Amino acid sequence: MKRAKKAKGVVWGDVCRIAAALPGATEATSYGTPAFFVRQKLFVRLHQSRESVVINIQIAEREKLIKTDPETFFITDHYRQHPYVLVRLSTATEDVLRAMITESWRRVAPANLAREYGQVKGSGAKVIAAKSAARRPSEKYLERVRRIGGMFPETLEKLSHGAPTFFAGGKKVFVMFSDNHHNDGHVAVWLPAPTGMQAVLIEHAPEKFYRPPYVGVSGWIGVDLDHVGDDELTALIRQAWRIVAPKKLLAAFDQAK
């Protein structure tokens, strides 16, 4: 018998049930909306829109979550410099919401309460990221890269350092697929780029381009697949292939056009 999938979407009542179960939690108001505090410190409240909740979180972890699931996690300009994230109730799951509220409570609760609860401060962030990342089907990103990389002659795909890697003429790497490498928040490709192009691209579009580890020192670029369309990605991969392709293969490709 198949196990039923957990549906997306929660309501404020679910938030109340989860928050009220935490030690020392008290319900009050903040900015005119219902909120929960522990020893007078806010850990979750209903946003004025009534469509999302505001939760305390480390800014670095917030950026990872937004990249993982921007439909659910987001911020407004008001929160940009503050350690909070907005969670859209209509797309959140109860498991993720529970992990986030618990982590938020843990961040502001007195140490003795946290110990009594049997949790260590800071441990919940990895759980949140793992639950959210599990909802992202990285295979569809890889299939997209395969489709474009396979357009070029004599392309060979094989694992290199545990990641799908594409070789021009079976010898030189022109695409490396990166699936949240060391929890960096990127599902991306790493590509060789023309000399000096890395800095220009990152400065122009930092949400799309970044300096990848290991190969970044050689001028390679990381391209976040959530922020690039097929036409641009094809152009970037074509450029990478041309940089490393053997001269004979390159000439034959140009002649066949």
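Here are some notes:
- Scanning the range 89-98 for residues that are buried (at least 21 other Cβ atoms within 10 Å of the Cβ) and either in a helix (DSSP H, G or I) or out of contact with any Leu (no Cβ under 9 Å at 6 or more places or on another chain) (or both) yields a count of 4.
- When the strands (runs of 3 or more DSSP E) confined to the range 3-65 are screened for residues that are within 28 Å of the chain's Cα centre (by Cα), those reaching at least 3 such residues are found at 41-46, 52-56.
- Considered as a group, the residues in the range 52-70 that are over 21 Å from Phe209 (Cα atoms) and not hydroxyl-bearing (Ser, Thr, Tyr) include one that is surrounded by the most Cβ atoms within 10 Å (Cβ to Cβ), and that residue is Val53.
- Filtered by the rule that a residue be under 18 Å from the mean Cα position of the chain (by Cα) and more than 21 Å from Gly229 (Cβ to Cβ), the range 181-199 gives His181, His182, Asn183, Asp184.
- Close contacts from the range 87-98, counting a first residue that is at pLDDT below 90 and a second that is among the hydroxyl-bearing types (Ser, Thr, Tyr), with Cβ to Cβ under 7 Å and a gap of 6+ residues or different chains, come to Thr91/Thr72; Ala92/Thr72; Val96/Ser132.
- So Gly222, is it touching a Phe, Trp or Tyr at 6+ places or on another chain (Cβ under 9 Å), surrounded by 14 or more Cβ atoms within 10 Å (Cβ to Cβ), in the same structural domain as Arg146 (by TED's automatic domain parsing) and modelled with pLDDT of 95 or more: yes
- Elements of the type helices (runs of 4 or more DSSP H) sitting completely within the range 122-214 and holding at least 1 residues that are touching a Gly at 6+ places or on another chain (Cβ under 8 Å) and at pLDDT below 95: these cover 197-204.
- Positions within the range 99-112 being surrounded by fewer than 18 Cβ atoms within 10 Å (Cβ to Cβ) and either modelled with pLDDT under 80 or not in a loop (DSSP other than H, G, I, E, B) (or both), in sequence order: Val108, Ala111, Asn112
- Filtered residues of the range 169-184 (kept if surrounded by 21 or more Cβ atoms within 10 Å (Cβ to Cβ) and more than 27 Å from Ala251 (Cβ to Cβ)): Phe177, Ser178
The values are calculated or read from the model by the stated rules, or taken from the named source; none is laboratory data. Remember, it's a predicted structure, so these values are computed and weren't measured experimentally. Please note: Cβ atoms are built from the backbone with ideal geometry, for glycine as well, and neighbour counts cover all protein chains shown.
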